[in-house]
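As structure tokens, the structure follows; a few thoughts come after it.
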Amino acid sequence: MEGRAGTAVDVKSKVGPVILLGAPGAGKGTQAKLIMQHYGIPQISTGDILRDNVARGTGLGRKANAFMDKGELVPDQLVCDMVADRLRQADCAQGFILDGFPRTVAQAEWLDGLLKDQFFEKRCSAPPVVVNFRVGYNELLRRLTGRRTCPTCGRIYNIYSQPPRVADTCDVDGSKLATRKDDSEEVIAERLKAYERQTLPLIDYYRRQGRLREVEGEQAPEKVTAEAFRAIQDGNRL
Ligand code: AMP
């Protein structure tokens with residue numbers, strides 16, 4: 001079967017867990033949505049789940065909000081408990097895409113342990129495939145400052161490179177597009193620092209495990225998608 005990005009993909013094969021790595025703005029959310037549509041496995045975005053908790057004013061949301069507003073990472077324990085709850089849901093049985101998790105080596109070690117738990121071993125024996133999207137600092141800044149999101153359908157736009165047909169309006173459902181609170185220049189700088197200090201070491205962590213697949217994230221979007229699909233298929237054969 002021909003995949004969306006022109007790659008041959010066996011959609012019936014079990015995909016298993018897919019972990020998307022990359023700095024904020026590297027395109028993980030955009031690619032996760034395409035992978036989700038293609039393979040029929042859910043996108044688990046820890047940022048989206050946290051933002052939803054903040055919007056609903058839950059206990060978790062109140063605790064996480066202070067960190068998110070400053071561009072800092074939410075403490076590991078809070079995020080890991082949240083991820084464990086989400087991964088136990090029925091829709092994750094055939095695999096899932098982790099977008100924004102893990103973000104520290106401690107989270108990655110915790111995830112390795114969780115996937116060895118009998119519950120997950122039985123459900124999804126395939127080891128995770130880790131895809132890292134490489135994007136340079138200037139391009140990340142451009143993407144983050146230009147990012148606009150539809151609050152209704154979640155579609156992501158960029159006012160410089162992928163603008164909506166009508167300014168500030170979603171092409172799909174006509175909603176007014178929103179700018180994320182943490183996409184201000186000051187908070188972006190903090191988020192990129194947190195990435196360098198806490199998340200970058202994960203690349204070596206997964207490289208040592210032989211699980212890492214690198215994708216050049218500054219190519220045309222459809223090329224990035226094609227490479228990501230190829231990386232997932234290659235990773236699954238291991
Ligand atoms: P994102 O939407 O992935 O850019 O995440 C937005 C914010 O949510 C981050 O800046 C962190 O404050 C928080 N966050 C998301 N995922 C994690 C994670 N795995 N660990 C800690 N904090 C996270």
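Under the condition of being more than 11 Å from the ligand (Cβ to nearest atom), assigned to a loop (DSSP other than H, G, I, E, B) and either at pLDDT 95 or above or among the polar types (S, T, N, Q) (or both), the residues counted in the stretch 7-26 number 2. Residues in the stretch 160-176: is at least one touching a helix residue (DSSP H, G or I) at 6+ places or on another chain (Cβ under 9 Å), polar (S, T, N, Q) and more than 15 Å from residue 30 (Cβ to Cβ)? For the stretch 160-176, residues touching a helix residue (DSSP H, G or I) at 6+ places or on another chain (Cβ under 9 Å), polar (S, T, N, Q) and more than 15 Å from residue 30 (Cβ to Cβ): absent. Filter the stretch 213-229 for residues that are in contact (Cβ under 8 Å) with a residue 60 or more places away in the chain and surrounded by 18 or more Cβ atoms within 10 Å (Cβ to Cβ); which is nearest to residue 15 (Cα to Cα)? Only one residue fits best here, namely 229. Of all the residues in the stretch 32-47, those that are modelled with pLDDT of 95 or more and not aliphatic (A, V, I, L, M) number 5. The listed residues are 113, 100, and the only one of them that is out of contact with any His (no Cβ under 8 Å at 6 or more places or on another chain) and in contact (Cβ under 8 Å) with a residue 60 or more places away in the chain turns out to be 100. If the condition is being in a loop (DSSP other than H, G, I, E, B), more than 7 Å from the ligand (Cβ to nearest atom) and more than 23 Å from residue 96 (Cα to Cα), then the stretch 31-79 contributes 57, 58. Criterion applied to 210, 235 was being more than 15 Å from the chain's Cα centre (by Cα), at pLDDT below 95, closer than 25 Å to residue 106 by Cβ and surrounded by fewer than 20 Cβ atoms within 10 Å (Cβ to Cβ), and the one residue passing it is 210.
Of the residues making up the stretch 92-107, at least one is in a helix (DSSP H, G or I) and at pLDDT below 95. Looking only at the stretch 77-104, residues that are touching a Lys or Arg at 6+ places or on another chain (Cβ under 9 Å) and charged (D, E, K, R) come to 1 in all.
May I ask you to list the residues in the stretch 108-125 that are surrounded by fewer than 16 Cβ atoms within 10 Å (Cβ to Cβ) and in a helix (DSSP H, G or I)? Of everything in the stretch 108-125, those that are surrounded by fewer than 16 Cβ atoms within 10 Å (Cβ to Cβ) and in a helix (DSSP H, G or I) turn out to be 109, 112, 113, 114, 116, 118, 119, 121, 122.
The values are calculated or read from the model by the stated rules, or taken from the named source; none is laboratory data. Bear in mind that the values here come from a model prediction, so they are computed numbers and not experimental data. All Cβ positions, even for glycine, are placed from backbone atoms using ideal geometry, and neighbour counts span all protein chains on display.
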